[in-house]
Protein chains: 2
Amino acid sequence: MSATGDRETPWDVVGSVGVIGAHTLTFEDVALASGEVLSQVVVEYETLGTMSPERDNVVLLCHALSGDAHVAGWRESDARAAGWSPEDGPRWSPPAPATGDPDAAPSSAVRPGWWDPMVGPGKTFDTERYFIVCANVLGGCSGTTGPSSINPASGEPFGLDFPVVTIEDMVDVQARLLDELGIERLLAVAGGSMGGMQALAWAKRYPERVGACIAIATTWRLGAQAIAFNEVGRAAILGDPAFAGGRYYETGATPRHGLAVARMIGHITYLSDESMHEKFGRRLRGRDEFAFRFVTEFEVESYLAYQGKRFTERFDANTYLYMTKAMDYFDLCGDAGSLADVFRGSPVRFLVISFSSDWLFPTYQSKEIVAALSAAGAEVSFAEIRSPYGHDAFLLEPAAQHAFIEPFLAQARVAGRAGARPTKGGELE
Amino acid sequence: MSATGDRETPWDVVGSVGVIGAHTLTFEDVALASGEVLSQVVVEYETLGTMSPERDNVVLLCHALSGDAHVAGWRESDARAAGWSPEDGPRWSPPAPATGDPDAAPSSAVRPGWWDPMVGPGKTFDTERYFIVCANVLGGCSGTTGPSSINPASGEPFGLDFPVVTIEDMVDVQARLLDELGIERLLAVAGGSMGGMQALAWAKRYPERVGACIAIATTWRLGAQAIAFNEVGRAAILGDPAFAGGRYYETGATPRHGLAVARMIGHITYLSDESMHEKFGRRLRGRDEFAFRFVTEFEVESYLAYQGKRFTERFDANTYLYMTKAMDYFDLCGDAGSLADVFRGSPVRFLVISFSSDWLFPTYQSKEIVAALSAAGAEVSFAEIRSPYGHDAFLLEPAAQHAFIEPFLAQARVAGRAGARPTKGGELE
């Protein structure tokens, strides 16, 4: 099967989900891959749309390294700060910024959720058709228990006493969240980058609970180069004197410098050579000639410095360590003889999407997944989307992704209602 | 012209240049592109082989970011420390290390010069045929005046008071060095990476003094991605508290951490995804299972940590800043309307070599140089060498480079002796 769709979807006219409230649930004990057990695990999540009476329209969206549960619309707290009140109703939109330059917006500006162009009424993950669930991952720093949370055993933040978690641990916590919400089965699980790893891990661990798996801009295991980039980011954080062995919460200082460097490295890997050159070239910022001093001169330097600084205002350095470690450990094959063995006889339908200029998780790695799924007899669709935006394309190319995801989801729902499962040949029974 | 050659050269039997002594020269005043003037500039250089009576066999080799004047053989001081004495003669080789694992060798082990596989008797830059000159660049930290040198005006190390230098400044100092050595004209100038930029700048600034230019794994200007990687490295150094505004020489501490992170980033860009995966894969070092702690686990982490640490033992953090800035500023086109305009009517013969897996200075950038030279009517040969080793291939692929460089050099010498110059059409007169 090769999905097609309308690439001309008018993205500016489809609706916003408006103001969103976050929820939390607490789990008494969570057993981890490391053998450790976490107690009193809080999970923050958001839901959008309405669950069907048959509970057959639930889509779990999984976020990437720096994401959170806030997938679309505006957080209630942010909206209130920007002047919203409940009388305005949920379909509020914030006032437009005074300037079109996002760099000029103050960092406290109200921003919509991380996948807002993809999630909302009439959008790809259509909140008028699907019930969307998104939770901050285990180890995160945005409402779910992580290294910045209070360790019940000590009464102080965990820091590096927090156990190292895996992608599978994240998925297991999500499964327990769904149990609590009374959701037995997902229509689909979807995500990009680290979110795509979670989607794939869902299909592996809970094949009977997943109708469809949408894995975008992701991989089944990191190669040496991707591990190397993660390790340099960690080295920048761990070596920052303000890191203080991870106990910086008590010091009043944070390892801002190390975290900013880590984020700058990350940003280079999220963009492509082509898109960076198109966006910044060799242009100087605010000057015509070289300064012959060590100041920010090139536009690209200014962009990276801004991204690094902004990140330190919202993200915890310890969580950065834990997220990158979880990705490094991720190996979908695990102890199986081959990746195909993992998915032999899988009832899950797969859609794998890569981007032509993504050099962090290049297309060949997606093709390895597709080849393994095909060899396993699983139903799989694959699209490589031509885009100059590199790895970040999963955030920046809503229309192109819509063309493949929208019909795939619709088809999965029809198949789910009919109770049909793809046979090994890939045809519906 | 498309050069060919013997790729089966037996690299293990060609000779070493043996023990080498370094020399220095001092220049009273050096005017820089920035408008500043440096006084008392010391230049450290080495020479190998014998100058011909006609002085027509001089080849200038230009080093890359972390290189120095020591291009081949063993430094006399290192050799003495390893037990060599003058009675042993210059054709000494150090005792073999106890183990074949270079990581196991102590960092004080005697190592040959940075391009030893390419330079020596019977090698590509054959010291029995050519007189080789190699000098540490201006701004360096290996004998030539740089930010770690004493500022005559203050009696203390320059630090960031050292003026920002350009690739063209480096080349101008090399030209004055050749003046002092009585060398009016070079048979060839050659280098890889930043050394290739110098070679190209030589051809632009001193076309009448250069017979041939060999530019390897290099570019005519850095793109936004390469500037970005340099900037993150600089950010790591500048933000290290031990950097102390560049005045760390007096503190007893050095910004080891920042410099190591910068070097780790650099190393990732010097290798290819393919070669990293081949060399390290996802193998763990000294363990079978994940540690679930933030320790060095993967082989690739161990490699990067080792490279970062070793670099801090031999390289000055300020010089790292100045070298990367010089590269960022480098733009061979400059104020000319096009790169072709720069070389119109150039009498220099060019050989441009790129490597298929070099993603720091990709082949397309070399092709841009070649296209401009062709459009300018200059004599140019081009080879893209298939190699998995990424940017570092200019250090790791001696045989493949030999196949193109050896005949190119021989031909340049014949042409030089005949006094022939290529016409605009590219044919010899």
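The values are calculated or read from the model by the stated rules, or taken from the named source; none is laboratory data. Since this is a predicted model, take the numbers as computed values, not measurements. All Cβ positions, glycine included, derive from the backbone under ideal geometry; neighbour counts span all protein chains shown. What goes into the accessible areas is simple: the full protein's heavy atoms, side chains included, and nothing from ligands, DNA or RNA. Shrake-Rupley method; radii C 1.70, N 1.55, O 1.52, S 1.80 Å.
Name the pairs whose Cβ atoms lie under 6 Å apart, with the first residue in the stretch B:50-77 and more than 21 Å from B:LEU181 (Cα to Cα), the second among the β-branched types (Val, Ile, Thr), and 6 or more positions between them or separate chains?
From the stretch B:50-77, the pairs are B:GLY73/B:VAL17; B:GLY73/B:ILE20; B:TRP74/B:VAL19; B:TRP74/B:VAL110; B:GLU76/B:VAL19.
Taking the condition in contact with a Gly (Cβ under 6 Å, 6 or more places away or on another chain), at pLDDT 95 or above and either surrounded by fewer than 20 Cβ atoms within 10 Å (Cβ to Cβ) or of a type in the set (Phe, Trp, Tyr) (or both), does A:PHE131 pass?
Against the criterion (in contact with a Gly (Cβ under 6 Å, 6 or more places away or on another chain), at pLDDT 95 or above and either surrounded by fewer than 20 Cβ atoms within 10 Å (Cβ to Cβ) or of a type in the set (Phe, Trp, Tyr) (or both)), A:PHE131 qualifies.
Condition check: within 14 Å of chain B (Cβ to nearest Cβ) and within 20 Å of the chain's Cα centre (by Cα). Does A:PHE330 satisfy that?
Here the answer is yes, as A:PHE330 does meet what is asked.
Quick one: is B:PHE311 open to solvent by less than 20 Å² (accessible area, probe 1.4 Å), touching a residue at least 40 places away in the same chain (Cβ under 8 Å), over 24 Å from A:ASP273 (Cα atoms) and away from chain A (no Cβ under 11 Å)?
So B:PHE311 passes the test.
I'd like the full set of residues that are at pLDDT 95 or above and touching a strand residue (DSSP E or B) at 6+ places or on another chain (Cβ under 8 Å), limited to the stretch A:248-284.
Correct list: A:TYR249, A:PHE280, A:ARG282, A:ARG283, A:LEU284.
So in the stretch B:139-169, with the set limited to residues that are away from chain A (no Cβ under 14 Å) and of a type in the set (S, T, N, Q), which one is nearest to the chain's Cα centre (by Cα)?
B:SER142
Among what's in the stretch A:231-283 and is of a type in the set (D, E, K, R) and more than 10 Å from chain B (Cβ to nearest Cβ), pick the residue that is nearest to A:TYR320 (Cα to Cα).
Restricting to residues being of a type in the set (D, E, K, R) and more than 10 Å from chain B (Cβ to nearest Cβ), the top hit is A:ARG247.
Residues in the stretch B:215-222: is at least one farther than 28 Å from B:GLN174 by Cα and open to solvent by 20 Å² or more (accessible area, probe 1.4 Å)?
No, every residue in the stretch B:215-222 fails to be farther than 28 Å from B:GLN174 by Cα and open to solvent by 20 Å² or more (accessible area, probe 1.4 Å).
Could you list, in sequence order, all residues of the stretch A:284-304 that are in a loop (DSSP other than H, G, I, E, B) and more than 9 Å from every other protein chain (Cβ to nearest Cβ)?
Result: A:ARG285, A:GLY286, A:ARG287, A:ASP288, A:GLU289, A:VAL295.
Just checking: which of the helices (runs of 4 or more DSSP H) contained wholly in the stretch A:319-427 hold 3 or more residues that are farther than 25 Å from A:ARG205 by Cβ and either open to solvent by 20 Å² or more (accessible area, probe 1.4 Å) or in contact with a Pro (Cβ under 9 Å, 6 or more places away or on another chain) (or both)? Explain how you work it out, then say what you get.
Values: elements: A:339-343, A:363-375, A:393-396, A:398-417.
So the answer is A:398-417.
Which condition breaks for B:THR99 when tested against (1) farther than 30 Å from B:TYR249 by Cα; (2) in contact with a helix residue (DSSP H, G or I) (Cβ under 7 Å, 6 or more places away or on another chain); (3) modelled with pLDDT under 85; (4) among the polar types (S, T, N, Q)?
Single failed check for B:THR99: (2).
Quick check, is B:ASN151 touching a Phe, Trp or Tyr at 6+ places or on another chain (Cβ under 7 Å) and open to solvent by 10 Å² or more (accessible area, probe 1.4 Å)?
yes
Quick one: how many residues across the stretch B:362-396 are charged (D, E, K, R) and either touching a strand residue (DSSP E or B) at 6+ places or on another chain (Cβ under 6 Å) or touching a residue at least 60 places away in the same chain (Cβ under 8 Å) (or both)?
Result for the stretch B:362-396: 4.
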